[in-house]
1. With the condition kept exactly as written, say whether any residue in segment 321-331 is farther than 26 Å from V410 by Cβ and in contact with a Leu (Cβ under 6 Å, 6 or more places away or on another chain).
2. Could you tell me whether A429 is on the phi < 0 side of the Ramachandran plot, touching a Lys or Arg at 6+ places or on another chain (Cβ under 7 Å) and surrounded by fewer than 20 Cβ atoms within 10 Å (Cβ to Cβ)?
3. Can you list the strands (runs of 3 or more DSSP E) lying wholly within segment 294-341 that have 2 or more residues being within 16 Å of ligand 1 (Cβ to nearest atom) and of a type outside the set (S, T, Y)?
4. Looking at (1) under 26 Å from A99 (Cβ atoms); (2) crowded, with 20+ Cβ neighbours inside 10 Å, can you tell me which one G349 breaks?
5. What do you reckon, is T310 touching a residue at least 40 places away in the same chain (Cβ under 8 Å), surrounded by 17 or more Cβ atoms within 10 Å (Cβ to Cβ), within 30 Å of A174 (Cα to Cα) and away from ligand 2 (no atom under 16 Å from the Cβ)?
6. Those residues that are touching a residue at least 24 places away in the same chain (Cβ under 8 Å) and part of a loop (DSSP other than H, G, I, E, B), I need them from segment 342-352; list them, please.
7. Among the residues in segment 124-141, are any closer than 24 Å to Q59 by Cα, among the aliphatic types (A, V, I, L, M) and under 22 Å from the mean Cα position of the chain (by Cα)?
8. From the list G173, G223, G211, G249, exactly one residue is among the small types (G, A, S) and on the phi > 0 side of the Ramachandran plot. Which is it?
Amino acid sequence: MSNHLFDLIRARVPDPAKILMETDDGRTISYGDALDISGQLASVLVAHGVKPGDRVAVQVEKSPEAILLFLGCVRAGAVFLPLNTAYALAELEYFFSDAEPVIVVCDPARQTQIEEIARRLGAYACLTLNGSGGGSLMGQARDITTGFVDVAREPDDLAAILYTSGTTGRSKGAMLTHNNLASNALTLVDYWQFTANDVLLHALPVYHTHGLFVAVNTMLLAGGSMLFLAKFDADQVFRLLPRATTMMGVPTFYVRMVDDQRLTATACAHMRLFISGSAPLLEETHRAWNARTGMAILERYGMTETNMSTSNPYDGDRVAGTVGFPLPHVSLRIADPETGASLGIDEIGMIEVKGPNVFKGYWRMPEKTAAEFRADGFFITGDLGTIDSKGYVRIVGRGKDLVITGGLNVYPKEVEAEIDAISGVLESAVFGVAHKDLGEGVAAAVVLRPDAKIDEAAIIAALNGRLARFKQPRRVIILPELPRNAMGKVQKNLLRARFRDLFQPS
Ligand code: MCA
Ligand code: AMP
């Protein structure tokens, strides 16, 4: 019996004694440990009644055990559903009601509240896992004998669902198959020339595509090791750079590092590759980095729905302001957003992609899925771009109303709905403004009802518990009315222009 993704991982395990992950406090997990413990975790899931295709929702702090739980889910034939630790209870309630997980794993500190929601919505059990690997999940795994027989899974079976917010309405669950994850990781190992000699400095969260699939799956298939930091911390990163060969990060990592006098060519002497993605890397950051270190950051482009689609070359020019070439096996075209007709060199249009990297659809949303694919199978990304005569793809804007703050996506519609529900608010418009550290910061323009007695602080306070902190506006501006065009549509471009210096130091 074969389990598509895990068979591939198992086949590429180097010496079982080799270290797979080492935490900032020196705890190590070898490849052999990873095989044993992920099998024990798969046994725990099955003992709790998990059947192939069942969802296992996980909202936990970063730890090696969180990765082993992902592997345990894959081996048990379950669908891993990771959730950002910043999500508020109201958001979890939606995810659980939509995905109907049979098991929920959460931090012990939030167990009481999360277990109540999980059980009410039909979960069989709520287990706990903290950032040091403690909690009931590992407690139950410890006594189980190893030797779990992996559940059979085909390439097209689901391995994970990752929620991604939408321009309309609530978040959508992107269904990722075993083959989506396996094929993309194999491509990245080759394209970025990862080998068993690589040591990845891993400072990303592990509940999104970047830190989980791009980083971890690629390292597993390369047979390399990871220095596994709990979060991005410049002191830790500079301390560990001499031991690492590669790093993956969102642009905020590189902005912070380039602002730090410890960034020198000597500090990077052991590094062969820095990769950036999830949000645009400013050309000035790319150039400043190159001037300081003599190295060119490699920028790539992807989405939760597509995994990685393009990358600057490993050998060859890494051009600042571009996201490089379509990856092998990925077809990419620039299309007229209205008609879908292919456009020519340097013409701005919708980026559309097709290939084994592209997801299977949105969980239980056939109409939304159909609306985002062309008849010939190309996925409509919502990003606007061009391709130049050398084949480099450039992202020039977004055809979707989206703010990316520190690499995290915020869909204004979702935030506006919560602000509009606050008593005293007539209407609101949420938009992104340039932010030196985060790339973009979230801002809101709000029109109050006559005689309303609320202010900026009260509006932000009212969003606590409703929305993750990173989605909450950092500034709320009270306006007498919102700028609208002749059709009555709010002109966010005017708001962005008027408040462009909101987050810049004066
Ligand atoms: C934390 N805060 C944020 C963010 N992160 N606010 C806005 N945007 C953020 N990204 C808030 C906290 O709630 C807190 O608020 C305050 O900022 C400081 O929190 P702290 O934890 O100290 O922040 P930090 O450690 O400085 O984190 C910033 C970060 C982190 C390092 C940029 O957010 C990060 O690691 N981002 C990476 C996200 C990522 O992995 N994206 C990939 C998505 P308060 O003080 O008020 O409580 S996958 C993807 O996009 C696709 C597939 C792709 O192409 O990769
Ligand atoms: P997510 O839905 O969280 O997976 O975010 C995907 C979105 O992040 C894409 O649709 C792009 O808008 C953006 N993105 C990812 N990588 C880059 C990049 N290198 N440059 C610009 N935008 C990017």
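1. yes
2. no
3. Values: elements: 298-303, 307-311, 331-335.
Ranges flagged: 298-303, 307-311.
4. (1)
5. Working: touching a residue at least 40 places away in the same chain (Cβ under 8 Å): yes; surrounded by 17 or more Cβ atoms within 10 Å (Cβ to Cβ): yes; within 30 Å of A174 (Cα to Cα): yes; away from ligand 2 (no atom under 16 Å from the Cβ): no.
No.
6. I345, D346, E347, I348 - these are the residues of segment 342-352 that are touching a residue at least 24 places away in the same chain (Cβ under 8 Å) and part of a loop (DSSP other than H, G, I, E, B).
7. Yes, there is a match, as at least one residue in segment 124-141 is closer than 24 Å to Q59 by Cα, among the aliphatic types (A, V, I, L, M) and under 22 Å from the mean Cα position of the chain (by Cα).
8. G223 is the lone residue from the list that is among the small types (G, A, S) and on the phi > 0 side of the Ramachandran plot.
The values are calculated or read from the model by the stated rules, or taken from the named source; none is laboratory data. Treat the numbers as computed from the prediction; the structure is a model and nothing was measured. A quick note on method: Cβ atoms are made from the backbone with ideal geometry, for glycine too, and the neighbour counts reach across all protein chains shown.
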